[in-house]
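Notes for the one structure printed next.
Laboratory data are not the source of any read-out in this text; all were calculated from the coordinates shown. On a predicted model such as this, the values are computed, not experimentally measured, just so you know. Here the Cβ positions follow ideal geometry from the backbone for every residue, glycine too, while neighbour counts run over all protein chains shown.
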2 protein chains.
Amino acid sequence: MKNAYDRFITMTREIRQLGTVAELLAWDQETYMPKKGIALRAEQLSTMASVAHERLSSDEFGTLLRQLDEDIDDPVRATNIREMRRFYDRAVRVPAELVARIAKTTTLAKEAWVKAREASDFALFAPHLKELFELKRQMADCIGYQGERYDALLDEFEPGMTTAMVADIFASLRKPLADFVQRLADAPNQPDASIVRRHYPRAAQEAFGRRLAEAIGFDFDAGRLDVSTHPFCSGAGPLDVRMTARYYEDYVNASIFGILHETGHGLYEQGQSIEHCGTPTGAYVSLGIHESQSRLWENMVGRSRAFWEKFYPECQAAFPDALTDTSLDAFHGAINCVGPSCIRVEADEVTYNLHIVLRFEIERALLDRRLDVKDVPDAWNEKMRTLLGITPANTAEGCLQDIHWSLGAIGYFPTYALGNLYAAQMFEAATEAVPDLEGAIRRGDTGVLLSWLRENVHAHGMRYRAAELIERVSGRPLSIEPFMNYIERKFAPIYDL
Amino acid sequence: MKNAYDRFITMTREIRQLGTVAELLAWDQETYMPKKGIALRAEQLSTMASVAHERLSSDEFGTLLRQLDEDIDDPVRATNIREMRRFYDRAVRVPAELVARIAKTTTLAKEAWVKAREASDFALFAPHLKELFELKRQMADCIGYQGERYDALLDEFEPGMTTAMVADIFASLRKPLADFVQRLADAPNQPDASIVRRHYPRAAQEAFGRRLAEAIGFDFDAGRLDVSTHPFCSGAGPLDVRMTARYYEDYVNASIFGILHETGHGLYEQGQSIEHCGTPTGAYVSLGIHESQSRLWENMVGRSRAFWEKFYPECQAAFPDALTDTSLDAFHGAINCVGPSCIRVEADEVTYNLHIVLRFEIERALLDRRLDVKDVPDAWNEKMRTLLGITPANTAEGCLQDIHWSLGAIGYFPTYALGNLYAAQMFEAATEAVPDLEGAIRRGDTGVLLSWLRENVHAHGMRYRAAELIERVSGRPLSIEPFMNYIERKFAPIYDL
C-alpha cells in the first residue's frame, strides 16, 4: 500500500501544480499581460484545464483511489484520500460534453453580461442566465446530492455545507440584521464619511498599504502585492502568494481595506504547511473559511479602534494634507460608516450579509424553478426594499451588478456571508484564548493573533470541514450570535447607541 | 485525411501552448517571482515539461504522424508535419530514464558550476562536466546522426545544420577575423571607450531604451520590457512577447544595445503568423536565425552611424550630463570599440565570433574524446592566445565563464556566430533590395527594413531550414564574405584603416 499512496501523492501534487500554473496565468493576465495577449491566454488556460482534468479523472488515479482506504488512523492520509476522492468524483461524474457546453455558454454569457450591465438591460442577459441555470441543474444532477439540487453546487465552494444549513443561518440573520441597520440609521451620532474621500496621493497609499500588510505578518519574500482592476489573492503555495490592490486618490478605503482584506487571504495561504504543499492537507478548507481570514483582518482587526491607536499616527504622517486635523475617533468613525447601498462590493460589513442573503434566496429559487429568470429584476428589487429599505435605480445597480452568475458561479455567494460569520466566531474564540488580545493589537503586536490562527486554523489544511473546524476552534456550532455581538459591541460607541 | 490533420494541428497547438506556459513561468521567475518561490517553480516547470513530453511522445500523436504524409504540395502542411515529426522523433528516441538522468545531472552540475566559478576552481566542475558529456554522447547515439555525433546535438538548436558545415565556416573565419582584430589594434585612430562609461541615470536609460524599441517597431500592446539579471526575450506567440533588460548607471551600452538586441528577437517573434500560431509554420527557424534578427538590429542597424544621425540628438537630450559636449562621431566610435577581451558576453561584434569558434572546437573535441575534460583549461587558454592574443587570468574568466555546458546545452554556442553571419548576409541582401536603405535608417524610417524582414524571413516560420532560407534571401549559400565586408566597411572610417 505504501507504493500506491506515494504514487497517489505524486499525482495529487502534479494535479495541484497544474492548477497553480493556471493561477499564475490568471494573475499575469490581470497584472502584466500585454493587452493583445488575451486570446492566446484563453487558449493556454483552456489547455491547462483540460490537462489537469485529464490527470484527475484518469483511470490510473481512479484505480489508486479505489485501492486506498481513507478510513485509517493517519489524519494526513485520511484527509488527502478523502478530499482527492471528492475532487475525482466531481470530475468524473460530469461528462466532458457538459463541461464543454458550460464553458462555451459562460464565455457568451460573460460577454452578454458586460453589454447588459452597460446598457442596464436585463433582457440582453436573461436568455444566457436561463441556459446557464439549466446546464447547472444538469451538472448538479450528474454530481448528485442528498438534500436539494443546490447542495451539489454549494459543495464545490463550501465542501460539506448544505443548503438547509445555509438557509437556517441566513433565515436567523435576516431580521436581526435588518433591524440593526435600522437602529444605526436612527442613531444619534452619524460618523462623517467624507473623511475617507479626501485627496490621498497614490504613492503614499501604496507605501502605507504595503506597510500594513507587512505589519500584520505578510512575508514579501514569499509573495507580492501588485495592481489590478479587481483586487484578488492567488496562492501557488505558502511560498508564492500574489495579492493585488487598486488605488483611488479620492477614496482611501479601497486600498487600505482592500489590502488588509487580501493580506488576510495571503496570510492564510502563507500559513499552509510547506511539507504538505500540493495536497489537501496543505490546502484551504473552503471559500468561506478563506473569506473568514480576509474579513477577520480587514474588519475585526483592521477596522478596530485598537488597531488604529497604533497605526493612525503613521497614517496621518503618510497623508498629512488629508488627516492632520482629523482625530482618531473621527477617522475610526469614517472607516465604519454603515448604511444601505445598492452595490455589494461597496457595502459595509453590516449590510454586506444582507446582500448575500438576497442573492442566495434568488439563486436557490431559480435553481428550483420556483422563480423564473424573467422575474429576477422584480424579485431583486423587492428583496432590496425588505432587507435594506432601498430600491436600485436600474438593473445595472440591481441584479446585473455581479459577474458571478455569468461565469457559472452559482452557489458561490453564500461563502462571503459564511466568511463573515466564521470570522466573528473565530475572533471571539481568539479573544478568549489570547490574553489581552485587544491590548496586543493596540501595541501593533498582531503576531499573537496570527500565531493563534496559524495553529488553530491554517495548520490543519483541509483536515476538518468548515463546520467541524468552527466547532473545534470555538467549542460550538456556527451561529450568528458572535457576529451580532461583535457588531453590537463595535458600533454602539461609534453611533452612540 | 482531413480529420487526422485537424487533430494533429490541435495536438500540435496544445503541445506548443504547454511550452509557452513554461516560458511564462521562466519569465516570471526572472522578473517578478518572490525569492522563496523557487522550489515550487522548479516543480511546476518539471511538471509542465513532463506533461508536454507525454503529449508529444504519445501513441496518438505518433499514429497521426504516421498517417500523415509530409510529401505534399501544401507548404504549410508539409512544414508542420515535417517539423513535428522531427520533434516527435527526438522525443521518443531518448529513453525517459536518460532524460531524467540528464535533468538530475544538470541540476547538480549547475550548482557545482556556480561554486566552481566563484572559487575559480575548475576541478569542482570537472567531474560534472565529464558526466554530462558522457550522457550527451548517449543521447546523441539515441537520436542518431549521419556525419558525426555532434550533429545530433547541434540539430536541436540549428535544425538541418551539420557539424561539417559549421567547421568549414568557422575554419574560414578563424584567420581573417584574427587578422582583422590585429589590424584594428594597430590602427592609427582608437575611439574613446570611456564615453559610454560616464554616468547615465537609470530612469533616463529606461525611457530611452523603450523609445528605441518602439522606434524600430516593437508593439508594446503585444509585448513587454521588464528588468532581469540576464536579459532575454521569450515569446508565447506574436501577440505576447516578453523582453528584459538590465541597467548599469556607469555603462550605458548594457541597456541601449541589450534592448536593441532583445527587440531584434522580439520583432522576429511579433512577425510570426497569427494564423499559424502554435504550429511550426508560425515558429522561428532556428536559434541561429533568431540570433541573426537580434544581431542585425543591435549591430548592423543599432551601431551604424546612420541610425545615430537620427537618434543621437535624442540621446544627448536624454543624458545631457554625459553627452552634451560629445560629438556624434565620438559617440559612434565609443559604441564601436573593438579589442580582445576574456568574457564572451562583453565582447564586441568583431571578436565575438572568435569566442564562439573556440567553444565549438573545444566542445566538439570533448564529445569526440579527442580532448579530455581535465585538459579543458589549458586548451581554452591556448586558443585564447592564438585567436585573441590574450590569456585569461583564471578559469572564472576562462572556461568557467558560461553557464551553457552546466545546463547540458552542448551544440548551442555555434548558433551565436551563425547568427552574426546570417545577419550580415541578410543585411547585405536588404541593402541591395531596399532602395537607399541607409538613407531610410538615417531618417529613422527603419520600417522599410522591418517590412523586408517580415516578408523575407519572419513570414516563413519554419518553412525553410536556415541554410535554405539564407540562400533564398540572399541568392547564395552562407559565407563569411558579407560579414567580413560589413566589418571592413564599417570599421575602416572609425579606425582610420
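The table below lists the values:
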| item | result |
| --- | --- |
| Dimensionless Rg ratio for region B:114-233, taking C-alpha atoms and the 2.2 N^0.38 Å reference | 1.63 |
| Residues of type aspartates and glutamates that B:K490 reaches as a straight line, Cα spacing below 12 Å, ignoring anything fewer than 8 places off in the same chain | B:E349 |
| The protein assembly as shown: C-alpha pair distances exceeding 50 Å, % | 33 percent |
| Check: chain A dipole with +1 on Lys, Arg Cβ and -1 on Asp, Glu Cβ, in debye | 700 debye |
| Relative counts (whole %) of C-alpha pair distances in chain B, using bins that are 20 Å wide | 22, 58, 20, 0 |
| Cβ-based net charge around B:D179, under 14 Å, with every Lys or Arg adding one and every Asp or Glu removing one | +1 |
| ³J(HN,Hα) computed for each position of region A:62-70 - Karplus, 6.51 cos²θ - 1.76 cosθ + 1.60, integer Hz, glycine/proline x | x, 5, 4, 5, 6, 6, 8, 10, 7 |
| Label spacing, shortest first and in nm, from B:A433 to its equivalents in the remaining copies (7 angstrom along Cα→Cβ) | 7.2 |
| All-pairs Cα distance distribution in region B:251-366, expressed in whole percent, bin size 5 Å | 2, 10, 15, 19, 16, 14, 11, 7, 4, 2, 0 |
| Label geometry 7 Å along the beta-carbon vector: A:G144 inter-copy distances in nm | 5.1 |
| Of B:K36/B:K115; B:K104/B:K130; A:K175/A:K310; A:K36/A:K136; B:K35/B:K374, pairs whose Cα-Cα distance is over 26 Å | A:K175/A:K310; A:K36/A:K136; B:K35/B:K374 |
| 9 Å beta-carbon shell around A:Y247, net charge (K/R +1, D/E -1) | 0 |
| When region B:129-188 is reduced to its Cα atoms, the Kirkwood hydrodynamic radius in Å | 13.7 Å |
| Antiparallel DSSP beta bridges within chain B, as percent of all bridges there, nearest 5 | 45 percent |
| Förster radius 25 Å - calculated FRET efficiency between B:V114 and B:D372, Cβ distance, rounded to 0.05 | 0.60 |
| Residue order, fewest to most beta carbons within 10 Å, for A:W405, A:W113 | A:W113, A:W405 |
| Amide H contacts of A:Y251 (H built 1.01 Å from N, under 5 Å, at least 5 apart or other chain) | A:Y200 |
| Gyration tensor (Cα) of region B:341-497, equivalent ellipsoid semi-axes in angstrom | 34, 20, 13 |
| P(r) of region A:192-240 over all Cα-Cα pairs, binned every 10 Å from zero, in whole percent | 20, 44, 27, 9, 0 |
| Between region B:1-38 and region B:332-389, the alpha-carbon center distance in angstrom | 35 Å |
| Label point distance in nm, A:E275-B:A185, each placed 7 Å from Cα along Cα→Cβ | 6.2 nm |
| Taking A:L45, A:L260, B:L437 and counting other C-beta atoms within 10 Å, the order from fewest to most | A:L45, B:L437, A:L260 |
| Other-chain or far-sequence residues with amide H under 5 Å of A:D226's (modelled H) | A:M243, A:T244, A:A245 |
| Gap separating the Cα centres of region B:268-300 and region A:418-497, nearest whole Å | 57 Å |
| Inter-copy label distances at B:S194 (7 Å, Cα→Cβ; nm, one decimal) | 6.3 |
| Likely footprinting exposure, B:T106, B:T324, fewest C-beta neighbours within 10 Å first | B:T324, B:T106 |
| Taking chain B and dividing mean pair separation by its residue count, relative contact order in percent (alpha carbons under 8 Å, at least six apart) | 20 percent |
